[in-house]
Structure formats: structure tokens, C-alpha cells
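Have a look at the structure below, then the notes.
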Amino acid sequence: MTAAAQPLAAPRAELRWLPFAAVAGFFLVLKAMMSAVMSPIGDEAYYWLWGQHPDLSYFDHPPLHAWLLRLMQALFGWNLFSLRILTWATLLATLAVFWSWAGRLAPTDRPSHFWRMTAIYLASPLFLGMTTIAFNDHLMMALVVLSAHAMLLFAERWEAHGRGYRLLYLSALLLGLAVLSKYNAVFLGLGYAVFILLRPALRPLLATPHLWLAGLLSIAVQAPVFWWNFAAGFASYRFHFTERWNGPLRLSWEAPVLFVIVALIVVSPFAAVGVVRYLRRRPDGAFAVRARQLAGAVFAVSSLAMLVLASFAEVFFYWNIVAFILVLPLAVDAIGRRWLFWLHMLYGAGMALLLVFNQLVAPVGNVFGAYDWTISSTYGWDRIGREVEAVRAEHPEAFVATSFYTTAAQLGFAIGDAEVTALSPRHDQFDFWFDPEAHRGDDAVIVADRVYTVDHAARLFDSIVPVRQVEITSFGRVIYAPTIYLARGFRPPAAQ
């Protein structure tokens with residue numbers, strides 16, 4: 001009996017990756033559902049419009065993602081597929097690196113290690129969200145992973161043979177492209193500096209020109225951003241260093257604590273336990289040791305910087321996403337295969353289903369009588385767009401605007417018009433596209449709501465009247481109810 005049963009054991013062992021692949025597939029199905037159906041979130045549509053106005057850089061962020069969105073529009077047209085197809089390309093690139101890491105970390109159990117790594121990554125609400133929504137982050141994240149992979153391969157080759165500079169330059173180029181996607185990728189570069197200083201075998205690099213030339217290559221990639229800011233009065237830098245902070249910076253001990261709590265929620269408290277375990281362990285194997293040192297260096301640099309900043313100003317959880325990109329998938333063995341892994345999966349599944357309901361059915365807060373403007377304002381733009389087009393058909397010379405930058409982008413995406421603008425006191429990218437003097441005396445069709453009211457825009461016209469209100473409902477409750485106005489006689493203030 002024992003001899004007869006023996007041949008069946010091997011296939012079972014070979015298929016032990018299957019449960020992990022199944023749970024990873026569950027998250028991929030949810031990602032596909034949201035990609036195909038979810039209306040553009042405000043900033044998604046905002047970045048899409050950037051791509052329709054090609055430039056060297058932009059007010060809020062660097063330009064690489066916008067350039068690629070313009071390419072997607074040219075290839076596939078103006079639709080949700082074009083908006084989000086890049087998120088699949090960047091996830092595929094990330095998973096290719098995970099496959100390589102799995103082969104190095106667990107050569108005898110590669111499929112199981114890979115699928116656990118993938119499931120852990122996608123079960124984190126932070127990474128499922130940021131690999132689904134077409135923000136700049138998904139591109140930056142993939143480039144960070146690719147750059148770190150090239151750096152680890154370089155370190156391996158240089159420590160063994162004293163060569164491999166092509167990999168160093170590749171890592172530097174990818175780092176530069178990551179920063180050209182979003183500024184907070186700079187923490188990867190700072191992590192590299194700590195990594196090289198921590199490893200005695202890499203410190204001789206400091207005496208070679210290649211390390212410094214690679215650093216200059218990363219900086220040179222930012223040339224479009226530097227030039228755009230020089231021509232625009234350093235608008236991006238002024239925004240990020242001064243304009244975005246509300247009031248004077250004040251020391252606070254509560255804010256860093258809140259920042260950590262939010263990070264635990266969005267990354268997953270169970271994954272966080274695994275990350276702490278991983279950072280405290282000394283792994284086996286040269287590649288595993290290097291990977292932990294690099295991931296730990298990036299985690300420490302980014303997290304400490306965010307904690308210090310949170311002590312003085314409001315910091316958003318996704319600003320620290322670079323800290324977790326490397327350390328979370330590498331913490332596979334620290335999270336394990338049993339209770340901690342499956343608690344993380346259950347937590348991630350619950351949060352993912354909540355996200356799906358929130359974005360595709362109704363804002364969760366609204367169901368219970370609250371009002372979440374940020375989510376509510378993502379609903380109903382196809383219908384709102386049709387109503388706006390009907391009003392504009394009666395006033396074909398009027399330009400179209402809204403009272404806030406995200407709603408302007410969502411309306412522009414819905415009606416396929418990159419010239420929709422925002423008439424808002426907030427400084428944003430629309431200020432660089434819209435020429436008020438060119439529209440002096442014109443009429444406008446304006447969309448506003450109860451949070452971002454029409455008051456500011458109304459002061460810029462001779463008269464303004466409501467034309468119709470559009471009510472978007474779900475479960476018998478009004479989710480979002482913007483009003484469409486007809487404004488006559490645009491009279492902007494004289495240019496300063």
C-alpha cells in the first residue's frame with residue numbers, strides 16, 4: 001500500500017502552490033472588475049487630461065505617466081481601457097521581478113514562493129488600490145522594483161567579480177524614471193546610499209567614478225522637470241514646499257501616531273507583523289541578505305522622513321509607499337504559510353470587497369447616512385456629461401467649467417473634451433492651460449456642487465443662473481447632486 005501511494009505524493013507536493021495562486025487570482029479578478037467598470041477617480045481623470053496637453057512637466061507631478069497616457073490614447077482611443085491598461089503592464093513588470101526573486105530565494109519551491117509573494121502584495125489594500133487606480137504611483141512602484149532588482153544584481157556581480165557597471169547604470173536610469181513618475185521615488189536613491197554604506201564590500205564603490213556618474217544619470221533624467229520649473233517660476237517646487245501646507249508648520253506628537261495607525265490599516269496589520277519579523281531576522285543566502293539590507297534601508301529612510309514630516313504637517317499614507325514596495329513581498333517567509341498569511345488574506349479580501357462596493361455600488365458612508373464627497377463625486381459623470389452636452393447644444397459658444405479641479409477632469413473625461421476647465425481659487429494645472437483673457441466676455445456652462453460651490457465662479461461673470469440639477473442615486477439615496485449653471489459675460493480679474 002505504501003509503495004503504491006508513493007507516486008501520488010510528488011504531484012501533491014508540486015501543486016502546493018495552487019491555493020496561493022487561487023487567492024492571488026481572487027485579487028486579480030477584483031482588480032480586473034474595477035479596471036473595467038469603475039468610473040475615473042478625480043485624479044485619474046486629471047492625469048489623463050495632462051496627457052492630452054503634452055508638456056515637459058506639470059504642476060503637481062513629473063511628466064512620465066502623462067506622456068504614457070497620451071501614448072495609450074493615441075493607440076487605443078479615449079476610454080477606460082486606455083486609462084488603466086498601463087496598470088496591468090506595470091503589475092506584470094513587478095510580478096516578473098517577483099518571479100526572479102522567488103527563484104533566488106526558494107529555488108526548490110519557486111512557484112509556491114512566487115504565488116505567496118504575489119498574494120501578499122495584492123492582499124495589501126495599499127498595493128491592490130495603487131496597482132488598480134491609474135495614479136502616477138503604479139508606474140513609480142514598478143520602476144522602483146525594477147531599479148532595486150538591477151541594483152541587487154549589480155551588487156552581487158560587483159562583490160563577486162568587481163564588475164557589472166551596466167547593471168549599476170541601468171538601476172540609475174530606472175531610478176531616474178521612477179522619480180520622473182513621482183517625486184517620492186527619491187527615497188529609493190537615498191536608500192541606495194545607506195545600502196552602499198552599510199555593506200563593507202560595496203563601500204569601495206565610493207572611490208570609483210561609476211557610482212557618481214550613475215547618480216548624475218538619475219539626476220539628468222529630471223532635466224524636463226528642471227526646465228519646466230525654470231520656465232514656470234519653479235511652480236512645482238513652490239507648491240510642494242510652501243503652497244500645499246495649510247498655515248504655519250507646528251510640532252505635534254499626535255500626527256505621527258495617527259500616521260502610523262493609518263499605515264497599519266492600509267498596508268494590513270497582519271502584513272506589518274510579518275515586516276517586523278522580516279526586518280529582525282538574518283536570512284540565509286547572499287541574495288537574501290543583500291535584499292533585506294536594501295529593503296530595510298529604503299524602509300527606514302522613507303519612514304523616518306515621513307514621521308519627521310508628520311510631526312509638523314499633514315502627511316498622506318501613500319507618500320510612504322516606497323517604504324513598503326520592497327520589504328512587503330520579501331517578507332514572505334516571515335509571514336509564513338499559516339495563520340498570519342491567511343489572516344492577511346482575509347483582511348485584504350474584506351478590504352478589497354469594501355473597496356469594490358464603495359466604488360461600484362455606493363459610497364459606504366452614504367449608505368449609513370453620512371456624506372463622503374470624495375467618493376460620491378466619482379459617481380454619475382456619464383449622465384452629468386450628457387446633461388452638460390444638452391445645455392451646451394443650446395449655447396454652443398459657451399466654454400465648459402466646474403468648481404474644482406477633480407470634477408473638471410471627470411467631466412472632461414466623460415464628454416471627451418480636454419478643454420474643460422476649473423474655475424476655482426485653488427492653484428492647479430488648469431491655470432497653465434486656461435487663458436482667461438482669451439475668454440473675456442464669453443458665456444460658460446458650469447457644474448458645481450454643495451461642497452465646492454459656484455460662489456467663486458459666480459464672481460467672475462455678469463450673471464449666473466441654475467439650469468438643472470442632476471441627482472445620482474443608489475439604494476434610494478442621493479449620492480451626488482451637482483447643479484448645472486449658465487453663466488454670462490466672463491470678466492476675469494486683470495492679469496497680475
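Every number in this text was worked out from the coordinates using simple rules, so none of it is lab data. Please read all numbers here as calculations on a predicted model, not as lab measurements. Here Cβ is always computed from backbone atoms with ideal geometry, including for glycine, and neighbour counts include all displayed protein chains.
Here are the numbers for the structure shown:
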item: Angle between the chain longest axis and helix 80-105 axis [Cα atoms, degrees, rounded to 10]; result: 10
item: Angle in degrees between helix 405-415 and the longest Cα principal axis of the chain, rounded to the nearest 10; result: 80
item: C-alpha center-to-center spacing [the range 210-241, the range 130-204] in angstrom; result: 18
item: Cα-derived Rg over Rh, computed across the chain with Rh taken as Kirkwood radius; result: 1.01
item: DSSP bridge orientation in the range 375-490 - percent antiparallel, rounded to nearest 5; result: 70
item: The range 1-147, relative contact order [Cα under 8 Å, separation at least 6], %; result: 32
item: Charge context of THR131, other residues only, Cβ under 12 angstrom, K/R +1, D/E -1; result: +1
item: Percent antiparallel among DSSP beta bridges (both partners in the chain, rounded to 5); result: 70
item: Average silhouette area of the range 396-496, convex hull of alpha-carbon atoms, in square nanometres; result: 6.8
item: Contact order normalised by residue count of the chain, Cα under 8 Å, 6+ apart, percent; result: 16
item: Nearest-ten-degree value, helix 339-360 long axis tilted from longest Cα axis of the chain; result: 20
